1. May I ask you to say which residue of Ala94, Ala71 is surrounded by 14 or more Cβ atoms within 10 Å (Cβ to Cβ) and over 17 Å from the mean Cα position of the chain (by Cα)?
2. Please find, among Gly131, Gly89, Gly119, Gly101, the residue that is within 22 Å of Glu44 (Cα to Cα), surrounded by 13 or more Cβ atoms within 10 Å (Cβ to Cβ) and not hydrophobic (A, V, I, L, M, F, W, C).
3. Looking at the range 55-70 only, could you name the residues that are free of Cβ contacts under 8 Å to residues at least 60 places away in the same chain and either part of a strand (DSSP E or B) or of a type in the set (Val, Ile, Thr) (or both)?
4. Please go through the range 99-118 and give me each residue that is more than 27 Å from the chain's Cα centre (by Cα), without any contact (Cβ under 8 Å) to a residue 24 or more places away in the chain and in a strand (DSSP E or B), ordered by number.
5. Working only within the range 136-160, note down all residues that are of a type in the set (Gly, Ala, Ser), in a strand (DSSP E or B) and surrounded by fewer than 18 Cβ atoms within 10 Å (Cβ to Cβ).
6. Only residues that are touching a Ser or Thr at 6+ places or on another chain (Cβ under 6 Å) and either more than 30 Å from Ala94 (Cα to Cα) or touching a residue at least 40 places away in the same chain (Cβ under 8 Å) (or both): list them for the range 119-156, please.
7. Checking Arg125 against (1) touching a Gly at 6+ places or on another chain (Cβ under 9 Å); (2) part of a strand (DSSP E or B): exactly one of these is not met. Which one?
8. Go through Asn64, Asn77 for me and flag whichever is modelled with pLDDT of 95 or more and either surrounded by 13 or more Cβ atoms within 10 Å (Cβ to Cβ) or closer than 19 Å to Val47 by Cβ (or both).
Amino acid sequence: MFKKIAAVAALIVASSSAFAVEPGALYAGVDAGKTKLEGWSHRETSVGVFGGYKFHPNFAAELNYRRLADADVEDFNVKGDQFGVSLIGSIPLANNFSVYGRLGYNRIEVDVEQGGFTGTDSTSRAVYGVGLGYAFTPAISGRIEVQKPMSDVTNLSAGVVFKF
């Protein structure tokens, strides 16, 4: 009986280590940047949060939310939000640098308010981008990215990543 209990315990311990998350595989971060809309003369400040799971040394899945813009245009207040899911592919370079690409799907929601009346519109499209990362420590890194959430919208952001 003791041998059976020991064998089951050994299998449980072995299987739990097979499913353990690699240190640094989970990450979260924040970013800030500027959003440029074609045909608009100025850039709007953007802020965002993101979280991901690095399931391979060169690939991660990431979820994000970003406020693309919060602008007053004439008598209108316009807010644009981005919700996305992406696959991130990265290639390490020398001296703690890496380059990465993003391909995913995002939903853009635009709220327009004027004089107490509010209108909302949304669209879902592919998102892509390229970026450069730098690891300050094994647990903290920074990144700069250019992203196209829509064909007429470009976002440039800088962020910090915290690995768990």
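1. Working: Ala94 fails: surrounded by 14 or more Cβ atoms within 10 Å (Cβ to Cβ).
Only one candidate qualifies: Ala71.
2. The unique qualifying residue is Gly131.
3. We begin by selecting, within the range 55-70, every residue free of Cβ contacts under 8 Å to residues at least 60 places away in the same chain; these are 55-65, 67, 69-70.
Phe55, His56, Phe59, Ala60, Ala61, Glu62, Leu63, Asn64, Tyr65, Arg67, Ala69, Asp70, listed by residue number.
4. Quick first cut of the range 99-118, residues more than 27 Å from the chain's Cα centre (by Cα) only: 113-118.
Add one more test, that the residue is without any contact (Cβ under 8 Å) to a residue 24 or more places away in the chain, and what stays is 116-118.
Across the range 99-118, the qualifying residues are Phe117, Thr118.
5. At the first step, the residues of the range 136-160 found to be of a type in the set (Gly, Ala, Ser) are 139, 141-142, 151, 157-159.
Then drop every residue that is not in a strand (DSSP E or B), which leaves 141-142, 157-159.
Scanning the range 136-160 gives Gly142, Ala158.
6. Gly133, Glu145, Asn155
7. The number of the failed condition is (1).
8. Values: Asn77 fails: modelled with pLDDT of 95 or more.
The conditions single out Asn64.
The values are calculated or read from the model by the stated rules, or taken from the named source; none is laboratory data. Everything numeric here is computed off the predicted structure, so don't read it as measured data. In this analysis, Cβ positions are derived from the backbone assuming ideal geometry, glycine residues included, and neighbour counts consider all displayed protein chains.
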